[in-house]
Amino acid sequence: MFVRIVTRHLVAVLTILSVSTGPALCQRGTVYVKDLLASPGQIANVQIWLDSNVRGVAAAQLRIDFSTAQPPTAPIPRAIPADPSNPGNGEADFQLGPIVPTGMFSMASALGPGNVELGFAGTRDFDGPGCMAVIPLQIPADVPGRTTYQIGLSVVTLNDRYIRHIDADVKGGTLTVVPTRTVRVGSTTVSPSGGDVRVALLYKADDDSPMGGLAGEISISPKQPSNPPAAAVVTVSANPAIPHPSLFITPLGPSRARFLFLSSIPIPSGLWLAKVTLRVPPGAKDGSTYSVSLESPLLYDPTGRMIPVDAVPGEIQVQAAPGDLDADGRITVLDAGLCLRIALNLAGNTDAATLKRADVAPANPGGTAGDGRVNISDVLRVLRRALGLEPDPWP
């Protein structure tokens with residue numbers, strides 16, 4: 001009798017628990033588009049996400065529509081062809097998100113302007129939360145700033161592995177076009193003897209809007225075909241005109257470093273943020289070039305919101321100084337001898353860069369030198385420089 005009573009009470013409790021917890025366990029999930037920002041001419045990656053209540057997905061057919069803009073006259077983005085060599089086949093580029101198992105059968109189409117349809121199916125299921133798919137769109141280069149596109153989302157089918165329908169709410173998003181912001185890496189020269197050089201990181205916004213921080217990776221690499229010896233990133237230092245900046249640097253190897261720069265005040269457009277010190281080893285040939293790049297840049301506005309940014313690389317060119325005819329990084333009596341042979345037409349075929357370095361006389365007003373010819377006057381100036389009789393500034 002006691003066992004029956006306990007059993008009846010236990011069944012009643014479990015029934016109450018199942019009724020009270022059932023709706024929470026079966027809460028309807030949402031498939032949604034994340035809002036995003038992009039600049040004119042950029043590629044915007046539209047992300048389709050699942051929340052944590054969408055579970056057991058094994059197949060889906062989705063459609064996004066991006067044909068509605070404000071202002072209505074703004075040109076609409078276009079889908080990226082899956083095969084650039086055959087853009088007319090109607091297939092669109094896309095990527096399945098990290099929560100989707102590998103091995104899915106998938107395809108996307110862009111048969112009409114302003115929309116993309118994506119479908120995939122597999123035998124393994126997956127759960128939210130997370131990104132289910134990414135569809136890249138090309139933003140027109142001539143689109144006005146502050147244009148907003150409505151990204152409508154419709155779910156044609158959402159099934160589990162047993163082909164049962166999964167109920168979910170659907171929510172679209174917005175794609176807002178913001179003015180172009182650029183971080184430009186400066187350029188400079190270095191002599192063949194090598195040494196440390198510095199290049200600036202300059203921030204510029206088309207609408208002069210300020211920024212609050214920048215993160216990315218600085219790298220320096222030899223450019224082909226000259227292929228000079230490897231150079232190194234030494235350090236990054238903030239502009240002293242910016243009060244109380246925070247700067248964090250993580251070396252990633254001799255030629256690469258990651259950094260994070262944050263400012264306590266808004267930084268206006270047109271100001272250089274930091275300078276990167278780079279070390280070029282001796283032995284690079286005259287005319288060799290290094291590329292200095294800002295990779296994976298992340299720009300933040302003064303409120304901490306991430307905003308799109310373009311990064312423009314800079315260069316370091318190995319360039320022998322005037323008078324350094326043998327391009328060894330020094331001016332010696334050997335250079336004076338080479339200059340004399342050129343003046344007397346005994347040097348044979350001399351390249352234009354060497355002839356330019358030999359033309360150092362006369363010293364002209366305004367800091368320039370040379371008259372387009374190489375003669376005994378140039379020999380004399382090179383010799384005087386080699387003997388320490390020609391002070392800086394040279395030539």
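Values in this text are rule-based calculations from the coordinates and carry no lab data. Since the model is a prediction, treat every value here as computed from it, not as a measurement. Methodologically, a virtual Cβ is constructed for each residue, glycine included, from the backbone with ideal geometry; neighbour enumeration extends over all protein chains shown.
A single member of 103, 152 is out of contact with any Lys or Arg (no Cβ under 6 Å at 6 or more places or on another chain) and farther than 17 Å from residue 67 by Cα, and it is 103.
The residue list 369, 353, 320, 363 contains one member that is in contact with an Asp or Glu (Cβ under 7 Å, 6 or more places away or on another chain) and either surrounded by fewer than 21 Cβ atoms within 10 Å (Cβ to Cβ) or on the phi > 0 side of the Ramachandran plot (or both), which is 353. Scanning segment 298-336 for residues that are of a type in the set (A, V, I, L, M, F, W, C), in contact with a Gly (Cβ under 7 Å, 6 or more places away or on another chain) and in a loop (DSSP other than H, G, I, E, B) gives a single hit, 331.
Residue check: residue 392 meets all listed conditions (1) assigned to a helix (DSSP H, G or I); (2) of a type in the set (D, E, K, R); (3) surrounded by fewer than 17 Cβ atoms within 10 Å (Cβ to Cβ) but one, namely (1). Against the condition touching a Ser or Thr at 6+ places or on another chain (Cβ under 9 Å), surrounded by 14 or more Cβ atoms within 10 Å (Cβ to Cβ) and of a type in the set (A, V, I, L, M), how does residue 155 come out, does it pass? The answer is no for residue 155. Report whether or not residue 341 is surrounded by 21 or more Cβ atoms within 10 Å (Cβ to Cβ), part of a helix (DSSP H, G or I) and not acidic (Asp, Glu). It is false that residue 341 is surrounded by 21 or more Cβ atoms within 10 Å (Cβ to Cβ), part of a helix (DSSP H, G or I) and not acidic (Asp, Glu).
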